[in-house]
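**Student:** What follows is a structure written as structure tokens; I'll ask about it next.
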Amino acid sequence: MDEMAHLTPGTRPGTVPGTAPATSTEARAGLDRRAELSEFLRTRRARLQPEDVGLPHYGRHRRVPGLRREELAQLAGVSVAYYTRLEQGNGRNVSAEVLDSIARALRLTDAEHAHLTHLAKPKHKKKQTVRTQQVRSSLRQLLDTMDGVPAYVVGRRSELLAWNRMAAAVFGDWSELSALERNWARMVFLKPEYRDLYLDWEQKAIDVVCGLRMEAGCYPEDPRLSALVGELSVKSEDFRRLWAAHEVKEKSHGVKRLRHPLVGELALQYESFKLADDADQSMVVYHAEPGSPSAEALRLLASWGTDATRAGTGS
């Protein structure tokens, strides 16, 4: 299947979606949920070998990578015809028990299991409206009081919604970017300075794509998400490669290693918290190990104030 064929339905070849507000035509567009379900199951099946799941491996030459459909159906306890219909994108009336069995057979993670459920049994809503995301004023005030640590709020489609002075000092002066550009996916894949900023740029890129994939399962009819995926697929070969892998995962904490133009290398731990009143928004807070060179570097950036913010990533 041509990956590009179902990324941006309704988008004419040669156009670059996502560079303007959604039109009435775009509002009817969205990611092809059936194609997403089909490709997700196919790629999960392809990564398993018979010996991985206790099945005999007959011969060295197999026509398909990974498990055959009949082998997966056997493991899941369903008929080959039933599984084939599901992998062809027809998840209508599939039960939660069957999805659980298939998830176990495919050895899916919790995030992958949730993604499969969203694709196969979407929550039907009367209408998915494109609304402007708002950050509560009290939350903005909280960001401002977090003076010694970088912190920001990220929303739907990896959009950057609010941040404090230390986040600007570490990641660049986002106030100089347009609202459309203040998007982690666009920054990571389309701005060269972010390749320089992240010592492990590939992992950061994977994290961004995995987050968009999860969201695509929850909101397949979101035209702006579809437009963003289409734009990045046109402009970035790396994005096309990672999007085609159909990887999904949730990142709630970890370590990012950066190369800052003023203070050099930074190792920052981060924690991500979904907001209780809006699960589509998360606050991400970074900190350094106490007494470490990175902690001293953050202290220096905080003392330099606006000078550090202007340097940032050169944005």
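**Student:** Taking +1 at the Cβ of each Lys and Arg and -1 at the Cβ of each Asp and Glu, which of 229, 142, 260 sits farthest along the dipole of segment 137-311 towards its positive end, judged by Cα position relative to the Cα centre?
**Tutor:** Of the candidates, 229 comes out farthest on the positive side.
**Student:** How big is the dipole moment of segment 116-226 about its Cα centre under a simple scheme where the beta carbon of each Lys and Arg is +1, that of each Asp and Glu is -1, and everything else is neutral? Debye, nearest 20, please. Working shown, then result.
**Tutor:** Details: 18 positive and 14 negative charges, 178 e Å.
About 860 debye.
**Student:** For the pairs 121/235; 191/256; 121/251, flag any whose C-alpha to C-alpha distance is greater than 28 Å.
**Tutor:** Numbers: 121/235 32 Å; 191/256 18 Å; 121/251 24 Å.
Going by Cα-Cα distance, 121/235 fall outside the 28 Å limit.
**Student:** Report the percentage of all Cα-Cα pairs in segment 158-315 whose separation exceeds 24 Å, rounded to a whole percent. Spell out each step's value before the answer.
**Tutor:** Working: 4295 of 12403 pairs.
Beyond 24 Å sits 35 percent of the P(r) for segment 158-315.
**Student:** Rounded if a/c is under 1.5, else prolate if a/b beats b/c, else oblate: with a ≥ b ≥ c from the C-alpha gyration tensor eigenvalues square-rooted, which is segment 211-281? Mind dumping the intermediate values first?
**Tutor:** Working: a/c = 2.27, a/b = 1.31, b/c = 1.73.
Oblate.
**Student:** Which value in nm describes the separation of the simple spin-label points at residue 110 and residue 280, placed 7 Å from the Cα toward the beta carbon?
**Tutor:** 2.4
**Student:** Moving to a separate point now. Just to verify a number: FRET efficiency for residue 147 and residue 199, C-beta to C-beta distance, R0 = 25 Å, to 0.05? Don't skip to the answer; put the middle values down first.
**Tutor:** On the way: r = 26 Å, r/R0 = 1.04.
Taking R0 as 25 Å, the efficiency between residue 147 and residue 199 is 0.45.
**Student:** If we restrict to alpha carbons, what Rg and Dmax does segment 31-120 come to, in Å?
**Tutor:** Considering segment 31-120 through its Cα atoms, Rg and Dmax are 12.5, 39 Å.
**Student:** Quick one: if you stick a label point 7 Å off each Cα along the C-beta vector at residue 235 and residue 80, how many nm between them?
**Tutor:** Computed distance between label sites residue 235 and residue 80 equals 4.6 nm.
Read the figures in this text as sums done on the coordinates, not as results from a lab. Note that the coordinates shown come from a computational prediction; the quantities given were computed from them, not determined experimentally. We place every Cβ from the backbone using ideal geometry, glycine too, and count neighbours over all the protein chains shown.
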